[in-house]
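Enquirer: After the structure tokens below, expect a handful of questions from me.
The values are calculated or read from the model by the stated rules, or taken from the named source; none is laboratory data. On a predicted model such as this, the values are computed, not experimentally measured, just so you know. Note that we place each Cβ from the backbone using ideal geometry, even for glycine, and neighbour counts take in every protein chain shown. When the accessible area is computed, the model is the full protein with side chains, heavy atoms only, and any ligands, DNA or RNA have been set aside. Shrake-Rupley method; radii C 1.70, N 1.55, O 1.52, S 1.80 Å.
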Amino acid sequence: MEVIHTPVLPEETIKYLAPKKANELMIDATVGEGGHSFAFLSRFDDLKTICIDADPKILEIAKKRLKPFGRRVQFYSGWSHDFFAEYPGTYKRPDIILMDLGVSLYHYEKSGRGFSFRIDEKPDMRIDTTVGIGAAELIRRLSEKDLADLLYKYGGERYSRRIARAICGESAGINSSVLLAEIVERSVPPAYRHGPQHPATKTFQALRIAVNGELSRLEDLLHSAFRVLEIGGRFGVISFHSLEDKIVKNFFRERNRDCICSQQVPICKCGGQRELTILTKKGVSPGEEEIQKNPSSRSARFRVAEKILDEAGS
């Protein structure tokens, strides 16, 4: 079995999410190749985990990697927000929830789905290929304006209109990730082509976010996961771009205050109570040593909160 992905912030996740008592249950909501779960299970002998992933192929890798831990590990194949939304009442409420929102290196190098512009594959970019449409089909269906808006919204791409015009001008369609990257590269100014980041990076990010519904799923995921978390439990989320991090930060911040009334309301009428305590005020980022060893970790931001009260209506 070949494992190619290095989990980010391994020591930091253990520091903030380490079990407080015996026989705790941890849910690894985006297990990937199982790196974080392997570290926790190796360190804490009586910890139990439920490992979730929407990609059945990468979940098989995690199963093989975590097989030595036997019955301490259970697996769920599917999207995490569905798992938490349908959380069985017969299950123990989790004490720890970890979400690593990054895309595994496996998907870029081994999946064959066009996540990378360095490997010539059909641009699909779906985590779960049984649902929705891939990036090539999405491009084919979108108008030039809608594609430009998507690249700007999800990728922050300042040359979105130039790029969309060039992509939509490819009459034969785009069935190659390398061709897509070349079209992007040709459509932007020379200075942008030779910057510190490949000029197609933001375009590929935007398409991946769109075909997987990453941001819309994240809203549901945070709500449903927090609902089932045990009071006193810890909730950790690792994000990799500002759009994700903003959603996570706002989710924690809203539940870290007593009153949720609008600022236009002079007197509190909601009767709200604080539901969590934020343990990482500004989020935790990898240090220089980790970035040197694992450059893909450089944009990671880890936020952690401890639940102190169930959501109203839970």
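Enquirer: Looking for something of a type in the set (K, R), crowded, with 16+ Cβ neighbours inside 10 Å and over 26 Å from D220 (Cα atoms) - is there at least one such residue anywhere in region 94-111?
Expert: Yes, some residue in region 94-111 is of a type in the set (K, R), crowded, with 16+ Cβ neighbours inside 10 Å and over 26 Å from D220 (Cα atoms).
Okay, residues lined up against (1) under 23 Å from D245 (Cβ atoms); (2) of a type in the set (V, I, T):
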site: K92; (1), (2): no, no
site: I96; (1), (2): yes, yes
site: F117; (1), (2): no, no
site: E121; (1), (2): no, no
site: L142; (1), (2): no, no
site: G155; (1), (2): yes, no
site: R161; (1), (2): no, no
site: S177; (1), (2): no, no
site: R186; (1), (2): no, no
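Enquirer: How many residues does region 22-38 hold that are open to solvent by 30 Å² or more (accessible area, probe 1.4 Å) and free of Cβ contacts under 8 Å to residues at least 60 places away in the same chain?
Expert: Total satisfying the criteria: 3.
Enquirer: Checking R158 against (1) under 23 Å from S297 (Cβ atoms); (2) surrounded by fewer than 21 Cβ atoms within 10 Å (Cβ to Cβ), only one condition comes out false. Which one?
Expert: Against the list (1) under 23 Å from S297 (Cβ atoms); (2) surrounded by fewer than 21 Cβ atoms within 10 Å (Cβ to Cβ), R158 comes up short only on (1).
Enquirer: Going through region 62-83 one residue at a time, which ones are touching a residue at least 12 places away in the same chain (Cβ under 8 Å) and among the charged types (D, E, K, R)?
Expert: Matches in region 62-83: K63, K64, R65, R72.
Enquirer: While we're here: Tell me which of these L47 doesn't satisfy, since it passes every other one: (1) closer than 20 Å to S111 by Cβ; (2) crowded, with 20+ Cβ neighbours inside 10 Å; (3) of a type outside the set (K, R).
Expert: The single condition L47 does not satisfy is (1).
Enquirer: Same structure, new question: Would you mind finding the one in G232, G271, G236 that is at positive phi and modelled with pLDDT of 95 or more?
Expert: Matching residue, one of G232, G271, G236: G232.
Enquirer: Can I ask one more? Looking at this structure, is F69 open to solvent by 30 Å² or more (accessible area, probe 1.4 Å), in contact with a Cys (Cβ under 6 Å, 6 or more places away or on another chain) and either modelled with pLDDT of 95 or more or not aliphatic (A, V, I, L, M) (or both)?
Expert: Judged against the criteria, F69 is not a match.
Enquirer: If you don't mind, there's one more thing I want to ask. Could you give me the residue pairs with C-beta distances under 8 Å whose first residue belongs to region 139-150 and is surrounded by fewer than 16 Cβ atoms within 10 Å (Cβ to Cβ) and of a type in the set (K, R), whose second residue is modelled with pLDDT of 95 or more and in a helix (DSSP H, G or I) wherever it lies, and which are 6+ apart or on separate chains?
Expert: K145/A164
Enquirer: G102: on the phi > 0 side of the Ramachandran plot and assigned to a loop (DSSP other than H, G, I, E, B), yes or no?
Expert: So G102 does not fit the description; no.
Enquirer: Taking region 116-150 on its own, how many of its residues are among the hydrophobic types (A, V, I, L, M, F, W, C), within 20 Å of A54 (Cα to Cα) and in contact with an Asp or Glu (Cβ under 8 Å, 6 or more places away or on another chain)?
Expert: Residues in region 116-150 being among the hydrophobic types (A, V, I, L, M, F, W, C), within 20 Å of A54 (Cα to Cα) and in contact with an Asp or Glu (Cβ under 8 Å, 6 or more places away or on another chain): 2 in total.
Enquirer: Looking only at helices (runs of 4 or more DSSP H) that fall completely inside region 158-269, which ones have 3 or more residues that are over 24 Å from D55 (Cα atoms)?
Expert: Of the helices (runs of 4 or more DSSP H) lying wholly inside region 158-269, those with at least 3 residues that are over 24 Å from D55 (Cα atoms) span 160-168, 177-187, 190-193, 242-254.
Enquirer: Please go through region 164-197 and pick out each residue that is under 20 Å from D120 (Cβ atoms), modelled with pLDDT of 95 or more, of a type outside the set (S, T, N, Q) and open to solvent by less than 60 Å² (accessible area, probe 1.4 Å).
Expert: Passing the criteria: A166, I167, V178, L179, L180, A181, I183, V184.
Enquirer: Turning to a different aspect of this structure: Given (1) crowded, with 18+ Cβ neighbours inside 10 Å; (2) under 19 Å from G114 (Cβ atoms); (3) touching a residue at least 60 places away in the same chain (Cβ under 8 Å), where does V237 come up short, assuming only one miss?
Expert: (2)
Enquirer: Ok, one more. Taking the criterion of being basic (K, R), closer than 23 Å to I174 by Cα and without any contact (Cβ under 8 Å) to a residue 60 or more places away in the chain, would at least one residue in region 99-117 satisfy it?
Expert: yes
Enquirer: I would also like to ask the following. Can you find a residue that is open to solvent by less than 40 Å² (accessible area, probe 1.4 Å), part of a loop (DSSP other than H, G, I, E, B) and of a type outside the set (K, R) anywhere in region 129-138?
Expert: yes
Enquirer: Cβ-Cβ below 8 Å, separation at least six or inter-chain, first residue in region 204-225 and on the phi > 0 side of the Ramachandran plot and open to solvent by 30 Å² or more (accessible area, probe 1.4 Å), second modelled with pLDDT of 95 or more and assigned to a helix (DSSP H, G or I): which pairs?
Expert: So the pair list comes out empty.
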